[in-house]
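Everything below concerns the one structure shown next.
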C-alpha cells in the first residue's frame, strides 16, 4: 500500500462563517484505492500559495511511501531545506496530509484511528464551545453584551455543555502586546460576572484572549477576572514569549492555556519546561498531525499538564482531535463548533451528545467528506483564514473586535 494521489479542496463555510474564512481539506488515495481525509490549519499564506506548498510537501516527502511511515515522513518534512526546526507553513501542510494517512490506516485495518494510537482511554470526550449569538441576538451587539453572552451560555448548558468560552477583552493586533484599556478590563469583568451568574457551578468559564497583552497588562486583567474562577486564561501574551507567559502563570491564580499557534514538540516543550501553561491547546492541522501531537500529550503528562485540542477550522480537523482525545489519559476537553455546515460536510458522522462526543467506532477517522458540498462553497475572497487587525487598541472609544474573520451582518 503506497500513497499515490492527492486532491485539495478549499471550501468556505457559509455565513456567519464560524471556523474561519476557509478550510483546506486534503484527500489522499493509495495505489490500492483507499482514501483518507485530512485538514491543514496553517494560515500564514493564502490558499493558492498553500495549495502549492501542500503539493510540494506531498511530492517531495510522501508520494510513493507507505502511509504507515508517518515518523519517517515527518522527519523528512521537518528537516526539509536544511531546517530541522518548526516551519509553520511546511508543518501545517504536512499535518493535514499526516491526518489523512491515519484515516487510510484505520480503514485498511478496519479500526478507528484511536485504536492505532494506544487504544481507548476515554469512552467519551468532554466538549466545549465558544459563545455564539442566538437567533434572537443582533450580531453587531453580541460581542460587547454581557447579557447576551449570559443567554448564550445558559443555552449551551441546557444542551449539556459543561464549559463555555468567550473573548471580550479587546483587539488582537499585529503590534504585539498592549496594555488593556480600563474599559476592556471592566467589560471582561462584566462578562465573567454575567456568565457565572447564568451557569453557576454547572459549567466552567474559559476566558479567551489571543496573545494581545503585555505581561503586566495580562496580569492586571487576570487578577481582575480571578474572582469568577475561570478554568483558564488563554494565551494572555504573544505565543513567542514563553518566559513572559510563565510570569503571568506565576502571578495569576487562573491556569494559563496556550498552543493553538504552536507547531511540533519543539515549540511545546519550552512551554512545559518553563511552567508557562498548565493546559496545552494544540491544533492538529498545525502542530504536526496526530503522531506528533500524541508525543506532545505524552510530554505534558510528565509535567502534570492537560490537553484541550483547539478548533477554529472544519470538521475533519475536529474528527482528528476527537480520536486523539479518546486515546490520551491527560485530556481535559476538546473544542467543538456546531453549525449545519460542519455537520453536513461529514454527514453528521461525529456529533456532540449532551455536551460530550462518544468515541467513534467507524474505521479511520469515522467520516467521509461530502465532496459535492465542499466544492459547492469555494473560497473566492482574498483574506487569510484568520487575521489580526493593524489598528491599535482604542483607549477613547472602546473596542469591539469580532475576531479575525468577522461574519456578514444580516
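Relative to the current alpha-carbon distance between residue 137 and residue 72, full extension at 0.36 nm per residue lengthens the span by 18.4 nm. For segment 40-90, the relative contact order is 50 percent, taking Cα pairs closer than 8 Å that sit 6 or more residues apart in sequence and dividing their mean separation by the residue count.
Residue separation of residue 382 and residue 354 scaled by 0.36 nm, minus their Cα-Cα distance, works out to 6.3 nm of gained length. For the chain, the longest principal axis of the C-alpha atoms and the axis of helix 47-61 are separated by about 40°. Answer rounded, prolate or oblate for segment 65-180, using the Cα gyration tensor with square roots of eigenvalues a ≥ b ≥ c: rounded when a/c is under 1.5, else prolate when a/b is larger than b/c, else oblate. Cα axes put segment 65-180 in the oblate bin. Measuring r between the beta carbons of residue 63 and residue 179 and using R0 = 35 Å, the FRET efficiency lands at 0.10. For the chain, a Gaussian network of Cα nodes joined below 10 Å ranks 341, 82, 268 by mean-square fluctuation, and the top entry is 82. Against the longest principal axis of the chain, how steep is helix 70-79, in degrees 0 to 90 to the nearest 10, with axes from Cα atoms? Tilt of helix 70-79: around 70 degrees.
Scan (1) 127; (2) 170; (3) 202 for the value of volume of the Cα convex hull per residue in Å³ calculated from this model and give just the label. Entry (1). If R0 is taken as 41 Å, the Cβ-Cβ distance between residue 1 and residue 303 corresponds to a FRET efficiency of 0.65.
Put in line by how crowded their Cβ is, counting other Cβ atoms within 10 Å and starting with the fewest, 192, 40, 156 read 192, 156, 40. Computed from the C-beta positions of residue 229 and residue 390, the FRET efficiency with R₀ = 41 Å rounds to 0.70.
Inter-part distance, segment 121-177 to segment 183-212, computed on C-alpha centroids, equals 9 Å. Take the Cα of residue 266, go 7 Å toward its beta carbon, and none of the backbone nitrogen atoms of segment 275-312 fall under 11 Å from that spot. One decimal place: the segment residue 109-residue 343 gains 81.7 nm when fully extended, by the rule 0.36 nm per residue minus the C-alpha distance. Here the sum of -39500 (n - 2.57) over DSSP H runs of 4 or more residues, divided by the residues of the chain, equals -11500 deg cm²/dmol at 222 nm, to the nearest 500.
Each of 23, 318, 291 was scored by other Cβ atoms within 10 Å of its Cβ. Arranged with the fewest first, they read 291, 318, 23. Seen against the Cα atoms of the chain and their longest principal axis, helix 242-251 is set at about 40 degrees.
Normalising the average separation of contacting C-alpha pairs (under 8 angstrom, six or more residues apart) by the number of residues puts the relative contact order of the chain at 23 percent.
No value in this document is a laboratory result; all are computed from the given coordinates. Here the structure is a predicted model, which means the values were calculated and not measured. Backbone-built Cβ (ideal geometry, glycine too); neighbour counts: all protein chains shown.
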